[in-house]
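S.K.: Before we start, here is the structure in question, set down as structure tokens.
The values are calculated or read from the model by the stated rules, or taken from the named source; none is laboratory data. This is a predicted model, so every value here is computed, not measured. So basically every Cβ, Gly included, is an ideal-geometry build from the backbone, and we count neighbours across all protein chains shown. Surface areas here come from the heavy atoms of the whole protein model, side chains and all, with no ligands, DNA or RNA. Shrake-Rupley method; radii C 1.70, N 1.55, O 1.52, S 1.80 Å.
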Amino acid sequence: MNFLKKMAITASAIAMLSVGAQAGEIKVGSAGGVTGPIAELVAAIVKGRQIATEHVNSNGGLLKGDTMKLVIADSACDPKAAVDAGNKLVNVEQVVGIIGPSCSGATNGMVSSVTIPAGVTVLSDSATAPSISELKDKDTVFRASASDAYQGKAIADMVWKAGKKKVAVTYSNDDYNAGIANVFVKEFKALGGEVTGNQAHEPNKASYRSELSTLAQGGPEALALFAYYGSSGITIVKNSLENGLFGKFYAADGMFDKSVIGQIGADNLKDNIWITQAASDTEDASYKNFAEAFKAAGGDPEAPYAAHGYDVAFLMALAIEKAGAADRTKISAALREVAGPEGEVVRPGEWAKAKKLIADGKKVNYQGAAGVNDFDANGDVTGLFSVNVVGDDGNWSRSMLK
Amino acid sequence: MSVIELQSVYGGYGDTEILHGVSLKVDPGEIVVVIGPNGAGKSTAMKSVFGLLSLTKGQVLLDGEDITNTPPEKVVRKGVCYVPQTENIFPSLTVEENLEMGAYVREDDFKPRLNEIYELFPPLAEKRKQSAGTLSGGQRQMVAMGKALMLEPRILLLDEPTAGLSPKFRGEIFSIVKKINSIGTPILMVEQNAKQALSIADHGYVLVDGQNKFFGSGQDLLDDPEVAEMFLGGGKAVPEASV
Amino acid sequence: MADFINFYFIPGLLLGSIYALGAIGITMTFVILRFANFAHGESMTLGVYFAWSLVQITGWHPLVVMPIAMILTVLYALSIDRLFYKPLRNAPVVMLVVASFGLMLMTRSVIQFFWGVQLKSVLPGIQKPILVMDYLRISPKHMMIMASALVLMFAVHYLLTYTKIGKAMRAMSDSPELAKLTGIDTEKVVVATWVVGAALACAAGVFLAIDTHVETRMGFKLLLPMFAAAILGGVGRPYGALVGGLIIGLAEEISSYPFIGTEPLLNPGYKAGVAFAIMIGILIWRPSGLFKGKVF
Amino acid sequence: MDALYGYMLYGISLATMGGIYAVLTLGLNVQWGFAGLFNAGIAGFFGIGAYTTAILTTSATHRHIGGFEMPYIVGFLAAMLICGVIAYLVGKVCLRLRSDYLAIATIGIAEIFRLILKNETWATNGPRGVSEIPKPFEHWPEPWNQFGFLLLVLVVVAIVYVLVEVARKSPWGRVMTAIRENEPSAKAAGKNVENFRMEGFVIGCMIMALAGALMAHYLKFVDPNATDPLLATFLVWVMLIVGGSANNKGAILGAFLMWVVWSATEIVTSRLPDELAIRAAYIRIFLIGLMLQIFLQKFPQGILPEKRPDVAKSNGNAETKMAD
């Protein structure tokens, strides 16, 4: 039994030694569901955060040349794990602020139980549940991804404008996709459209042929598909195309991934699929900056929420810079000042420029890779959206959604 | 030399000692029957030969070789075959497959032996492709014995082969036992139907409370008034119920 | 009717044969090693990842590399048996269940560590089905899976009926005690059980991966239906497991057919519960299953 | 000073989670340690408890049924009651069969329960979960609110411990031991084995529901992930096996110890380079699993072995085997 005790003692000793920010290092909590049901998405999100941090550190760092250090904590997409992760970040690591966690449930648990009482600012990159807006959070909870309400409406508008009057809807039964489908159905009906079928599906099933066959009844012109590409999205598109059940697909950003093309084939998808994604201003220069950096770092920018991951890390760095000190209590207010809408535009990668602007006392307006980050009273972003289609080169091609 | 000899063995399951110094032996060509009241340790004594329980004291000898506490799968390979009282066939296997399994440890061709077994038990030959679970009680017992005989064992151990059988089948089984013995296989048999069993036995043992009580030739025991009083219903008919 | 066959019956049959192959391993370990192996789904996942890696290395079709993946999976299963199950062979059986439960998570975390959690595909692209008799839609991919599954099922049948070790396996599933008394080399049978179970699990996983994709939790998703199939068919009855698997697969798919009106009979969200409901029903009314399996 | 205060708060959170897990582990101990029942769906019963109290104590919202705003104590009792009924039904089907069937059925129950939580959106808000669950003492100033909740958890642990310990030493507990050790002889002694098992199973599940209810109030939020098997089933098993099954003190020790190991190892792994830090999360699961295997093989008694002076242990295995 001794080895157990020894293990525990060694573990705590190491923890004690290394705890407490080292000189010139400012810690930011990076909570994410690196294990758990959406681990495959989180890997790319965390990479986005890391690239932003590298941009900051290699272009002058924070404040007086301090480095920004992300401390990873696994929230496992589970409130239990997220609360534990939050506790460690806030109390042991003494982070200035937290970016993440990934899932709405984990975020809900962590902020309610840990960070709101402790007054630590949380900036999530992919928690989209509307209930987060309603938390009494003393203005400490923000998110860089639009609440489902916005994207659902954007898709409904897009489908309607494309002249589709009858659609079938299916959504993966998880917090994110169920929410967005709900809004879509409401908005599409409000526009005058007809929803011929609306079905939840359990993710990770081998086949969705029977569900799709039922949904194909009633003459829908397209399928509005709300799912993560991995757990069910690709399978559904495959099953539909293989059996000629559906030919046109409209989807939200959970479906946006390179592997969708890789697994189904560009030829099969060309002119057949439209995937919305949050975007920044008209030229979308912000996204291009990010995508280049991400590719240079050996990653695939076409992964859901990777851009959001970049944005939250960059925004957190801006807020620390603006606050002028690694002081938890000042982050919330500073975050609002660097996010816009007023001030000079700063884009991904432009840390040196931002640092100078802040030093000069000028206002900054960060235009993120994943959208404008003008926070409303609830700490939410409204978001503009772009649409992705398969381009001539067989890759995703992106244009703004008007 | 005796084929099997138990020398004052002690043992049981876990902490419960059941055998308190049992001795018995089977000589070549003999049928030896062990009788006694319920819980006397008859079956346990037989299982101790087969390594199915751990002995704390005493020895088990097979042709003079010490096989005390040898695990059953090794005892089989030494040519000792044991037919348990229940669950003694593989019900979902066919009759022939059951017999084949009996020959599992044989390296040589067992086909000739298979034919001998069918000659010994003609009903089995007819039902060789039928699954053993569908047979009648007596025929199952034939499969069980035939399976054991596939190895051409040095000795055959039978644990209450007639338990649960009707009197008609009982007689049939005893005559089969006699027949097996007549072609040279020594047999150690535990029986409840003491009278019939003793009548075919060369020797008999009576165990009570895990100890030897009486010993003698089959006929001597049948004639012994005390044995008759205790186990043979005072010389009257053998009781129907065997459990 | 065409819809029913194309989109409910055929997918059900396909899913069913995948369940069936997996359930054979479960039912055999259950009866021969006497415990419910919770790590069986994970053997399946590991087999798929082996196959995926082999496809990456060789560029061959997944069905071609499958035999190698099967061998690797078998080696994995045998070493797990040696390291984690064998030391517990004489402990109360339920300890083995606990151990297998732990191995389920250990194996999965090893897969996630080495291969990562990103989604993978063994056979990218889509295949348009061939139209037969104007209304039957049959995809070549599915034909291939069904044919391979049939080949494997016949191989299992041959093994169990015509080989000495196969008969010994059946004997041991009837009664392990008697098998020992008969002199059957039980350790050899145990090894054979792992070999058959792991190889079939790997195959079932690869079939599933060909039809869908490769993902670290795919095995766990199949675990409950496979248990249900094994119990439905009767524990220790390999043929029962086949039938059980097909029934569970068909029931899952057909449960959401719009028998009444246009709405699915059962909300497809509950599909995963169908296997469980069937299993509970069997446990209540006929615990020995359809083919008179063992009841412990 | 700040750092010390932080450690203290983290210490409180460790103790609170450890305490909730201690309740769960005590519940499992009644099932596995006393009655020898394998429950592989702890997370299911845990989730039933969490959702019951969540729906009963939250204020009105359009997201899910509720608005009952019941006091905590009602939430706790209802959680236990509902869970007890469900456990009884499960037990009715499975307890006459061997433990494996119960294991399969319980893991199925957790799965079915998860499906219901996700699909019956009108009642449970589906996958989005129930938020804004009130937390006892949350209006006290920091850190007293945390202390207050910790105290509540520890009181519950103490009560459950005392009750379970009394039960263990009672004639009921002795019969349970006898059944686990040697079922045929317990049957022969005229004990209704199935009834005793049922009692153990139902009581264990009710304790698990209580732990779930505590967790719901602690997290202030509950979603279908509550039924995820890793943190709510597997970890609990490791806790019990490591701590010492059939020993209530061992169960509590195992819960606190393993939670500290589980939570604190991340402080170490988060210091690794990022790529590794992410993958280290899997190594953590692997090592915990390995620890379980080592204990199963080398120290099946756990850190605190079962205390049972009157029954010889050495031959327990042989007996059960023969009894099979």
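S.K.: Within segment B:38-56, does at least one residue satisfy the condition of being open to solvent by 20 Å² or more (accessible area, probe 1.4 Å), more than 26 Å from B:LYS195 (Cβ to Cβ) and not in a loop (DSSP other than H, G, I, E, B)?
M.R.: Yes: one or more hits.
S.K.: On the basis of being crowded, with 17+ Cβ neighbours inside 10 Å and away from every other protein chain (no Cβ under 14 Å), does B:ILE173 make the cut?
M.R.: yes
S.K.: Let me ask another. Could we say that C:VAL55 is within 14 Å of chain A (Cβ to nearest Cβ) and open to solvent by 10 Å² or more (accessible area, probe 1.4 Å) here?
M.R.: yes
S.K.: Suppose the filter is touching a His at 6+ places or on another chain (Cβ under 8 Å), open to solvent by less than 10 Å² (accessible area, probe 1.4 Å) and among the hydrophobic types (A, V, I, L, M, F, W, C); does A:ALA144 pass it?
M.R.: yes
S.K.: Turning to a different aspect of this structure: Given the conditions (1) over 18 Å from C:LYS271 (Cβ atoms); (2) facing chain C (nearest Cβ under 8 Å); (3) in contact (Cβ under 8 Å) with a residue 60 or more places away in the chain; (4) of a type in the set (Gly, Ala, Ser), which single one is not true for A:GLY218?
M.R.: Unmet condition: (3).
S.K.: Suppose the filter is open to solvent by 50 Å² or more (accessible area, probe 1.4 Å), at pLDDT 80 or above and either within 30 Å of A:ARG49 (Cα to Cα) or more than 14 Å from chain C (Cβ to nearest Cβ) (or both); does D:PHE299 pass it?
M.R.: So D:PHE299 fails the test.
S.K.: Oh, and also: Does A:PRO304 satisfy being at pLDDT below 85 and in contact with a Leu (Cβ under 6 Å, 6 or more places away or on another chain)?
M.R.: So A:PRO304 fits the description; yes.
S.K.: Being open to solvent by less than 50 Å² (accessible area, probe 1.4 Å) and in contact with a strand residue (DSSP E or B) (Cβ under 9 Å, 6 or more places away or on another chain) is the filter here; which residues of segment C:67-119 pass it?
M.R.: Result: C:LEU119, single match.
S.K.: Now a separate question. All but one of (1) at pLDDT 95 or above; (2) part of a loop (DSSP other than H, G, I, E, B) hold for D:TYR21, so report the exception by its number.
M.R.: Every condition holds for D:TYR21 apart from (2).
S.K.: I need a count of the residues in segment C:151-176 that are within 17 Å of B:GLY133 (Cβ to Cβ), within 7 Å of chain B (Cβ to nearest Cβ) and in a helix (DSSP H, G or I).
M.R.: Adding up the residues that qualify gives 4.
S.K.: If you scan segment B:63-85, which residues turn out to be more than 7 Å from every other protein chain (Cβ to nearest Cβ) and in contact (Cβ under 8 Å) with a residue 60 or more places away in the chain?
M.R.: The answer is B:ASP63, B:GLY64, B:LYS78, B:GLY79, B:VAL80, B:CYS81, B:VAL83, B:GLN85.
S.K.: How many residues are of a type in the set (D, E, K, R) and within 14 Å of chain A (Cβ to nearest Cβ) if we restrict to segment C:1-52?
M.R.: 1
S.K.: So, one more: Looking at segment B:106-138, which of its residues are without any contact (Cβ under 8 Å) to a residue 60 or more places away in the chain, within 16 Å of B:ILE173 (Cα to Cα) and part of a helix (DSSP H, G or I)?
M.R.: Hits for segment B:106-138 are B:ILE117, B:TYR118, B:GLU119, B:PRO122, B:PRO123, B:LEU124, B:GLY137, B:GLY138.
S.K.: Residue under question is D:ALA213, and the condition is that it be under 19 Å from D:VAL30 (Cα atoms) and either modelled with pLDDT of 90 or more or not small (Gly, Ala, Ser) (or both); does it hold?
M.R.: yes
S.K.: Moving to a separate point now. Examine segment D:263-284 for a residue that is at pLDDT 85 or above, of a type outside the set (S, T, N, Q) and farther than 25 Å from D:THR16 by Cβ, and state whether such a residue exists.
M.R.: Yes, segment D:263-284 contains at least one residue that is at pLDDT 85 or above, of a type outside the set (S, T, N, Q) and farther than 25 Å from D:THR16 by Cβ.
S.K.: Which of (1) touching a residue at least 24 places away in the same chain (Cβ under 8 Å); (2) more than 10 Å from the chain's Cα centre (by Cα); (3) open to solvent by 10 Å² or more (accessible area, probe 1.4 Å) is the odd one out, the single condition C:LYS188 does not satisfy?
M.R.: Only one criterion is unmet by C:LYS188, namely (1).
S.K.: If a residue has to be assigned to a loop (DSSP other than H, G, I, E, B) and out of contact with any Ser or Thr (no Cβ under 8 Å at 6 or more places or on another chain) to count, how many in segment C:37-64 make the cut?
M.R.: Selection size over segment C:37-64: 3.
S.K.: Of (1) open to solvent by less than 70 Å² (accessible area, probe 1.4 Å); (2) over 22 Å from D:ALA22 (Cα atoms), D:PRO136 satisfies all except one. Which?
M.R.: (2)
S.K.: Next question. Regarding B:LYS25, is this residue open to solvent by 60 Å² or more (accessible area, probe 1.4 Å) and either out of contact with any Lys or Arg (no Cβ under 6 Å at 6 or more places or on another chain) or free of Cβ contacts under 8 Å to residues at least 40 places away in the same chain (or both)?
M.R.: In short, yes.
S.K.: For segment A:294-345: of the residues being open to solvent by 40 Å² or more (accessible area, probe 1.4 Å) and of a type in the set (Val, Ile, Thr), which is nearest to the chain's Cα centre (by Cα)?
M.R.: Of everything passing the filter in segment A:294-345, A:VAL345 is nearest to the chain's Cα centre (by Cα).
S.K.: Given the criteria out of contact with any Pro (no Cβ under 9 Å at 6 or more places or on another chain), open to solvent by less than 20 Å² (accessible area, probe 1.4 Å) and at positive phi, does A:ASP271 qualify?
M.R.: Judged against the criteria, A:ASP271 is not a match.
S.K.: Among the residues of segment C:123-144, is any open to solvent by less than 10 Å² (accessible area, probe 1.4 Å) and modelled with pLDDT under 90?
M.R.: yes
S.K.: Scan segment B:181-194 residue by residue and report those that are assigned to a helix (DSSP H, G or I) and either surrounded by 20 or more Cβ atoms within 10 Å (Cβ to Cβ) or touching an Asp or Glu at 6+ places or on another chain (Cβ under 6 Å) (or both).
M.R.: B:ALA194
S.K.: If you don't mind, there's one more thing I want to ask. Would you point out the residue of segment C:86-125, among those that are aliphatic (A, V, I, L, M) and touching a Gly at 6+ places or on another chain (Cβ under 6 Å), that is farthest from D:ILE179 (Cα to Cα)?
M.R.: Ranking the candidates gives C:LEU119 first.
S.K.: So, one more: Give me the pairs, please: first residue somewhere in segment C:274-296 and facing another protein chain (nearest Cβ under 7 Å), second residue anywhere and hydroxyl-bearing (Ser, Thr, Tyr), beta-carbon distance under 7 Å, and either six or more positions apart or on two chains.
M.R.: Taking only residues 6 or more apart or on different chains, the pairs are C:LEU283/D:TYR101; C:VAL295/C:SER288.
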